[in-house]
1. Just one of the numbered conditions (1) within 23 Å of residue 247 (Cβ to Cβ); (2) open to solvent by less than 40 Å² (accessible area, probe 1.4 Å) is not true of residue 350; which one?
2. Out of 187, 171, report the one residue that is buried (at least 21 other Cβ atoms within 10 Å of the Cβ), part of a helix (DSSP H, G or I), touching a residue at least 24 places away in the same chain (Cβ under 8 Å) and at negative phi.
3. Could you tell me which of the residues 365, 374 is open to solvent by less than 20 Å² (accessible area, probe 1.4 Å), in contact with a Lys or Arg (Cβ under 9 Å, 6 or more places away or on another chain) and on the phi < 0 side of the Ramachandran plot?
4. Could you list all residues from region 705-723 that are farther than 19 Å from residue 201 by Cβ and open to solvent by less than 10 Å² (accessible area, probe 1.4 Å)?
5. Name the single residue, out of those in region 435-457 being assigned to a strand (DSSP E or B) and open to solvent by 50 Å² or more (accessible area, probe 1.4 Å), that is farthest from residue 511 (Cα to Cα).
6. Of the residues that make up region 358-371, is at least one among the aliphatic types (A, V, I, L, M), in contact with a Leu (Cβ under 6 Å, 6 or more places away or on another chain) and modelled with pLDDT of 95 or more?
7. Looking at region 407-427, which of the residues that are open to solvent by less than 40 Å² (accessible area, probe 1.4 Å) and either of a type in the set (D, E, K, R) or in a loop (DSSP other than H, G, I, E, B) (or both) is farthest from residue 483 (Cα to Cα)?
8. Please work out if residue 193 is under 26 Å from residue 69 (Cβ atoms) and of a type in the set (Gly, Ala, Ser).
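The values are calculated or read from the model by the stated rules, or taken from the named source; none is laboratory data. Bear in mind the structure is a predicted one, so any value in this text is a computation, not a measurement. Cβ atoms come from the backbone with ideal geometry, glycine included; neighbour counts cover every protein chain shown. Just the protein is used for accessible areas: all its heavy atoms, side chains included, with ligands, DNA and RNA removed. Shrake-Rupley method; radii C 1.70, N 1.55, O 1.52, S 1.80 Å.
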Amino acid sequence: MPPQTTVELLAPAGGLEAAYAALQHGADAIYLGLKQFSARAEAENFTLDEVAEVTAYAHEAFQPPRRVYVTLNTILFTAEVAPLARSLARLEQIGVDALIVQDLGLCRLVREAFPGLRLHASTQMAIHSLAGARQLPRLGLSRVVLARELTLPEVSAVAALPGLQTEVFVHGALCYAYSGLCLLSSHLRGASGNRGACAYLCRNTFRATGDDAGKALMSMKDLALVEALPQLRQAGVHSLKIEGRKKSPLYVAAVTALYRGLLDGTLSAAQRRDAEHDVKTIFSRPWTTFHLHGAGQPGVTDPDTVGHRGAPIGTVEAVQRGQPDQLVFTVGERALERYDGLQVDLPGREKPFGFGVEAIVVLSARGSSRGRQAFTAPPGARVAVPLPPGHPSLPLGATLYCGSSQAVKRSYTWERPRPGTHGLRLPVAFTIRVDDDALRGSAALVGPHEDQPEVSLALPLPAGAETARDPEALAAVARQAFAKLGGTPFACQSLSFDNPAGRFLRMADLNDLRRRLVEALQQRLDEHLDRRADNAARRLLAGAPAAAPARGGEAVLWELGIDRPEAIEAFSDAALEGLDEVTLWFDRLDDDLARGLERLRRRLGEARLRLALPTVVRPWQEERLRRRVQRLLEAGQRRWMVANLAGFTYLEDGSDLDIAADWPLHTLNPLAARTLVDLGCTSVTCSPEDSRDNLARLLPALGDLARVVIYQDTPLAISAVCAFESAGQCPEPCRGRKRTCAATGLHLESRRGDRLVVFNDAGQSVMIGEKPLCWSHHRDDLRALGARRLRADFLWREYAPDRVAATWERLRRGERLEGTHEGNW
């Protein structure tokens, strides 16, 4: 695939104003969310009418047309499939350019019921490898939004795949965990980031082992790949994406203008410096290139200070005591204006200290307290500005930042089109006939389908009406009346006017007929779209995987997950007999894998042993994993578990495989399960962030296909960032490439008492809660709901064999375990 010379600049639009700001400042495309089903639920977001307006504007006001992508990047509960289908029917009619999706069930719904909609894989799908990207065309996806953690060679490898466009984030906020693999907010706050309600715990202060003060150890710097655009273009990346649907329209305008200028090569060095300064002034944490130039780069977190920083404008030179105290500094490269905002980082404070510039005194000479009042201070001017009462101590030499600039606010403007100028315009054919007793009309949508909505009605006319003096002029008046369709989603494509008796009509009669026809057609269209959507949802849900009968009748099938073969050493033979299956997470085993497998097979037999592939596999792990998988396949291993789409690629050389889907593939609705079955799965694992209400709808549809985890130290976050390095407790910088690390068991505690334990896993940081998830006391309820396979995992912690055996027995008895939590049950 030759390197492309053009690349799409994709900007965020949290609301209509931001959409217009992005498009008018150079975005080739924008992405936006609806009021529901968006991973940024707290953004302003869009109604369907607003989506229609901005889509028409993007398509009509620019040449070539700009594009609009709608983010539906959350996981879906079963009860949400039908309401979402109604929205999809309207988005297809509006003609949006693509949907950005996470849920595998949504992929199926769109592909089978709304084929006019293109699909892009959200970064929430956690596609972090070439192996994962290879599976996307099978799901009907034409573009992948890659995980932010990838290096340039990894990006280049995916970009070279034929038939799949690559989209890469170039600017904005970074998540600490791989997107789509974070349950911190879900399990600690009951607000799922995978459902658009992230509580941003990663920005909170946590106290690590041995650190009394605490830091924001997971608070990431902002991504800024301003220097890497030529490399990304050369790599063949199709789209460069700016994060920020919760940012202001001003921010969107400035950051879009910066990247537009960089891509087009229209910025001088001075203009680029000014544009970067503008963005930093509006909103910015410190910038980082993250891992683009190498995995495991240190210094990508900003643990000492949280939030917006601004652009440097000087350093603290003095604080003159008085009423009020005066801050003295020399203005840097950009002018300071009254009512600008200043900020300074202070030791021991979680957020910068900030204040507004209420007055400016330009000092006459260094050391002098005399000066003149000014509205603006030019670069290089030494100034004094009043500090607010009760201000903290400002250390000499501390960097001052401009966190709000009046000049920057004036520099970026955009216009909102006049209401009604742009919107959905569906072509309508009108037919009007004037009879002796009635004015009759019909309206029919014009389109390629045979079942287009059509309505007819008649308005009574008084007897003995006079004859029109000029019947042809009356026909022109009718055409004029029916051209007035502003404020509706319709446009008059044709008008047939038949007035055989030449009867006179008032304009009010024609307007009344038009209004009634349009109202009736709108109602009929809504009914048509809803019926089509409801039928599609009902048909697809009814076609979900059939609930296979449990092999033991109504008996529960018990499954165990372990990451060390010795975990079952304390099980009695009778206890093992009660196990239907044991799944081994073998990637954490080194040279003793063969010996460990042989030990398990002796006690369990071949038929009850399943091997689990890791959720995240990076290049320094992949070759070893592929060799192991190939040897195991050749040795006859047929039972596997996958936790990422990449797993299907690693197993593609196998035949007659029994593949289970683990919970990170997010099965929360029957359509997602059906998609996984189509990919080759024989069973799926329900999500540990699921709720009883959703399980009550999901389990009856899945039956034996579903596995329910009732005990687990759920990985609440899997991160490419070394938590030990951020906490200053990394014994040796391994840059993410060591399979093992001396650092392990880092304990974190937030001010609210949230407690986490961090493990190093092949260079990744895996966080679990202090308390395991436990649903064992809901065992009977789960059985009544339809659960037939219950699973308990003993992973990550150093579980002693006798503790595993004892806990296992209590779980089977349905006891409530102390020191556990219920998640979102």
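1. (2)
2. 187
3. That would be 374, the only listed residue that is open to solvent by less than 20 Å² (accessible area, probe 1.4 Å), in contact with a Lys or Arg (Cβ under 9 Å, 6 or more places away or on another chain) and on the phi < 0 side of the Ramachandran plot.
4. 706, 707, 708, 709, 710, 711, 712
5. We begin by selecting, within region 435-457, every residue assigned to a strand (DSSP E or B); these are 438-445, 454-457.
If we keep only those that are open to solvent by 50 Å² or more (accessible area, probe 1.4 Å) too, we end up with 440, 454, 456.
Details: 440: 13, 454: 19, 456: 15 Å.
The residue in question is 454.
6. no
7. 412
8. yes
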